[in-house]
Each structure stands twice: as structure tokens, then as C-alpha cells.
Amino acid sequence: MCGIVGIIGKGDVADLLVAGLRRLEYRGYDSAGVATLVNGRIERRRAEGKLVNLEARLKEQPLPGRIGIGHTRWATHGIPNETNAHPHATDRVAVVHNGIIENFVELRAELKARGCTLESETDTEVVAHLITLYLKDGMKPAEATHAALKRLQGAFALGIVFAGEHDLMIGARRGSPLAIGYGDGEMFIGSDALALAPLTQRITYLDEGDWAVITQQGATIHDAEGHVVKREIRATALSGALIGKGGYRHFMLKEIYEQPQVIGDTLRSYVNPTSRDITLPSLPEALVTAPRMTLVACGTAFYACMVAKYWLERIARLPVEVDIASEFRYRAADMPKGGVTLVVSQSGETADTLAALRYARAQGQHIIAVVNSPESTIARESDTVLQTLAGPEIGVASTKAFTTQLTVLACLTLAVARARGALSAADEGRLVSALIEVPARAADVLNHDGRLRDLAQGMIEATDVLYLGRGTSYPIALEGALKLKEISYIHAEGYAAGEMKHGPIALIDETVPVIVIAPSDELFEKTASNIQEVVARGGRVVFFGDAKGIGGLGDIDATCIALPEVDPFVAPILYSIPVQLLAYHVAVLKGTDVDQPRNLAKSVTVE
Ligand code: HGA
């Protein structure tokens, strides 16, 4: 969330800043802004809403300047208007910020008492004023910044420029990520290496607490205490090419359709095609002996962990605890000696997940990360990295990242089961074969797109939708409800089908569509009974199952989508696809902004 970029360039930088922000817009689109130095003075252009609004503003009022910073905002403090848009500035300092300054109320009071006038409602603005006060006290920019950083509580990545200083930019990091890019007589900062990929491949990731004094010739990095430290310069593998929609109307639809391909790519990196063995890059010894595994994530990735809990407990006979990162990190749970913690995050930058990882590490756990970004902070801080080969996911609502996370977790389950002696060779062979079939079956599922679009038509008037499932279909019900909420803004709830009679059944009438996810598995009959309970109360059932299950339902009033018959092990991967498509079509019919839904952002780098 919130993307920041900064450049000390050879020519005017405003266009390059905007190009960098374009690549960071997945982090937030409440407002955008840039600041440069024009004849030594700080000049800003800012605009509410998406980056196109800032581009239009810059067209009307171009901004020269060879040094500058830019920001795309996901608001935490203060409504998304132009006054609250970054950069925030005084006449001496301009600042862009990703994170939350938690003691901003005290700092604002102190600054006001010292005569400062704050124009925005943000937490960020205090940073600009604090540095300015220290400058007025006679400190040099680096010293003033260090003094200000020490006063801040909370999380931040900051980019700072100073009036009159054409060859000085300061970047700082605590909690939120920040990369420094090295050019040829030019220097850059960015929230991630992707933003800088067209400008440079040479990147340093700041460590926790670091701050860097950057000039055209390079960067001097300091740790939190102010000591000069060396940080590795790495070559990033990220490409500078912009990703297009490839003829699809939305990125989300393109990404849904990419699933057969990217699930296949991910499988190929973990399954040996000849021996059909699962080969993880390194299976930590700890997993063989671990008394328990803890799975932690947020949002859709959390639902992937929920599916994995069912798999690991049943197939690998490994006790699993699963939790939401924002809860787990503050629970102060004792973790068993020799335990393993697995975190899942598409971006690898999710703030709560990263904090949970650090907590688990402090408890002596072996850390495994499932990430889509191998250069992310979570990947860098983990002992074992299992990458999803989803490729860049641009649509804010996660689709292919989720199914590739499930794919990796399925491979991990089989590897752990084998290593713990919990799986016979015959069963392993059967489950690996089922996994290998998934890309082809996923392509079959996509053939239902037209049917799902018709179904969506009947849902656009709904104000509430229920999703039900049992076993591994329960997390898919939760994911289906989340997808619908995220992009169509219809209230939806996912429920364990057996739990429905303990509450949500009261909601059921003919206006509430009930989506039931029920592949033919050992729980099918139980879910079928729950369907009868819904129908008996006049509910409108939409059934996602296979031909056998549809036959088993008998003569009931339900709309049925017949998905391929597959081994129940892989059903959650395949049944994710129709719930994605259904949410997509409802959103398109409702005319919402499918790829950039309101209030959301792709990479959640604040608490
Ligand atoms: N707190 C700042 C920055 C928000 C942010 O980093 N979001 O991800 C603001 O509200 O502007």
C-alpha cells in the first residue's frame, strides 16, 4: 500500500516519477503526487484519485526539476483528497511516506505548540515539519532527518528531498519496504524493485531501521544508530516491461484465464516429470520431526492456509495451527520447540504477515515462505522459500496467486507426508497424478464461463449472498464470498455448511442466493442435506459440483454447474475458478472498477 519513488536524475524527472508510480499503482489509488526542486524551491503537483488525474494535472502545469519524489496513496489517516495527498511539504522539506506514524497525535500537538501550521489530516505531515524544525535549529539535512526518525513510532518507508539541495535525497525504512536503485550518474528509490526495473537492475534493499543519504554518485547507508553500514547491491531479475491486458477486458479476467498455464508452471517446478516425485528446493529437516506447523497469512492467502491445514493434517498427519497474521502477531503464543511456521503472501511484503514471521523467528521456528515475489522482504527473511510461478498479478482481487499458492501447498503436503512416512507409495502416486491433471481440468472449468455469466445476471440485484462448503470446500466458500465482496460490493458470507443451522439459516429467503461448493467427496451427503435445508426454506441454490453429485441431489430446485470429476484432493484448486468467474461477471454487470475496486490495494504494507 502506498507506493513511493524518488529520483536524482540527469534531466527532468517528473515523467519518470509518474512512470514509476504507474508500476506502483497496485499499492493504492486514492491520490497521487510528485514534488521536485525548481530553482531550489519545492514545487508540487498532486491530484485526488487515480494516477491519470495527476498526469492530467501535470499536462496543464508541467513540472521541471532534476530531483524529485512521487507517491501513490492508499489512505490510512485522512480522507483521500488533494490536501491529504503526498508529498507533504514545508518550504524546506518534502516527504513521501508508506506506513503509519503511530504517535502522530502527540507530534502534531507538539508541532502546533511550536507554531507550525499543518494543512492536512495525515500522520505523514508531521515528518516534514519535524525535520524542518531541526533544520531551523541549525542541523544539516542528514542530522535533522536522523533526529526526526528517532522521534517517530510506527512504520515507515520515507523519501525526502530538501529545498536548495539539488544533489541530496534521503530514504529511510522501518517496517515498510524501500529499495535503492543505482544508475549511471543517477540514483533512485522505490517501494519495490519493480518500480525501478526500467531504470536500473542494480538494487539495494534497506534493512530494518536503515536510512540512506543519496547523491547522484551513490548512497551512504546508516543503521538506526547512525553508523555507516554496507548493504549488498544485487542484480534484480525483474523485467522493465509493462504488463498488458493481452486483449482481455480486465486484468482479472486475463489472470483467471492464465490459471491452467501458471498452475502448470508452478507444478513443473515442484514435480519431477519422469519420476513424478515432488521435489522441493529443500525440505527442512524440521518438517520431518516438527510437533506442529503454524500457518499464518492474511486475506485470500489465509484461505489457502486453511485448505492446507486440512491437507497437512489428513495426508501428512501433521498437527497444524492456522491463524490470521494480524491476530497471531499479538497473541503472544508459545510456539513448540522445533516447530515450523509457514507464511503465505503474494507480494511478500504484507505487513502483518511479516510481523508474524518475525515473531515466529524470535520463537525459534524454522520459517517457510510461499511468495510470488522471490525478492520480497518475506522471502529474504525466510529459511525456505517456495515460489508460486503465477507471474505478476495486477488485478487487486487475487486469482492466479491463490490457485498457485494452493498448488505449492499441495506439493508441500505430499513431500511432508512422504518424509514423515504418512503416505503409501500407491496413495502418493494417485495424488501426484491428480495434481498433474489440474492444468487440463482447469482449462475444462474455464469452459463454463458463459454459463457463469448468465448466472451472474440473476445475482446483480442481490444484497446478500451465502457461500457454503465443508472440508476443503469451506475455505473456498470463504474465498468465494470474499471475491464477491471485493469487486461487486455485494455483502457475502462464507460458512461451513454444517454451521449454517447455527445462525445464517435465518437469513435465507428467495432473495438470497446460496452458492454451494460440493465436489463428490466423503462429505458430499452431509452437504446435500444442508442443501435440502436451504431449499425447504425457499432459498435459491446454486450448486457447484460434478455430474455424480448433481445426480445425487435428486429432483431439487437448484441451478447446477457440472464441473469435472476429480480426486477430492485437488478439488479446492479447481473449484476456486468458478467462484472467481462468478464474482467477476457480477462485478462487470454492476459496472464496478473490477481491477481497482474501491478502498482496496494489492500489497498491504500497513497494519
Ligand atoms: N499514513 C499515510 C500513508 C498511508 C500508507 O502507507 N498506506 O499504505 C497516509 O494515510 O497518507
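The values are calculated or read from the model by the stated rules, or taken from the named source; none is laboratory data. None of these values were measured; they are calculated from a predicted model. Glycine gets a Cβ as well: all are built from the backbone with ideal geometry, and neighbour counts include every protein chain shown. Keep in mind that these areas ignore ligands, DNA and RNA; they rest on the heavy atoms of the full protein, side chains included. Shrake-Rupley method; radii C 1.70, N 1.55, O 1.52, S 1.80 Å.
A cut-off of 5 Å between modelled amide H atoms, ignoring neighbours fewer than 5 places along the same chain, links Arg470 with Ala497. What is the percent of Cα-Cα separations in segment 103-162 that go past 13 Å? Result: 58 percent of Cα pairs exceed 13 Å.
Straight Cα distances below 15 angstrom link Lys309 to the aspartates and glutamates Glu321, Asp323, with same-chain residues fewer than 8 positions distant left out.
Listed by chain and number, the lysines whose alpha-carbon sits under 30 Å from that of Lys140, ignoring those within fewer than 8 places in the same chain, are Lys10, Lys112, Lys150, Lys230. Every Cα-Cα pair of segment 274-430 was included, and the share exceeding 23 Å stands at 31 percent. Across the options Val416, Leu435, Val465, the greatest Cα extent toward the positive end of the charge dipole of segment 415-472 (unit charges at beta carbon of Lys, Arg, Asp, Glu) belongs to Val416.
Carbon and sulfur together cover what percent of the accessible area of the chain at a 1.4 Å probe radius? Accessible surface attributable to carbon and sulfur in the chain totals 50 percent. Measuring how big segment 1-133 is from its alpha-carbon positions, Rg and Dmax come out at 14.0, 41 Å. Residue-wise HN-Hα couplings along segment 92-106, as the Karplus relation 6.51 cos²θ - 1.76 cosθ + 1.60 with θ = phi - 60° gives them from phi, are 10, 9, 10, 9, 10, 9, 10, x, 9, 8, 6, 9, 5, 5, 4 Hz; Gly and Pro carry x. Highest mean packing comes first when the peptides 227-238, 482-493, 426-437 are listed by Cβ atoms within 10 Å, giving 482-493, 426-437, 227-238.
Placing unit charges on the Cβ atoms only, positive for Lys and Arg and negative for Asp and Glu, gives the chain a dipole magnitude near 800 debye about its Cα centre. With both residues required to sit in the chain, DSSP beta bridges show an antiparallel share near 60%. Percent of C-alpha pairs per 10 Å bin in the chain, short distances first: 3, 17, 25, 24, 17, 10, 4, 0, 0. Enclosing the Cα atoms of segment 330-386 in their convex hull gives a volume equal to 63 cubic angstrom per residue. Across all directions, the average flat footprint of the convex hull enclosing the Cα atoms of segment 338-434 is 6.9 nm². Value of Rg to Rh for segment 190-272, rounded to two decimals, is 1.15; Kirkwood radius and Rg both from alpha-carbon coordinates.
Inter-label distance, Glu225 to Tyr248: 5.0 nm, where each label sits 7 Å from its Cα along the C-beta direction. In the full protein context, segment 285-424 carries 30 Å² of accessible surface per residue, based on a 1.4 Å probe and ignoring ligands, DNA and RNA.
Taking the DSSP bridge list for segment 213-364 and keeping only pairs wholly inside it, about 40 percent are antiparallel.
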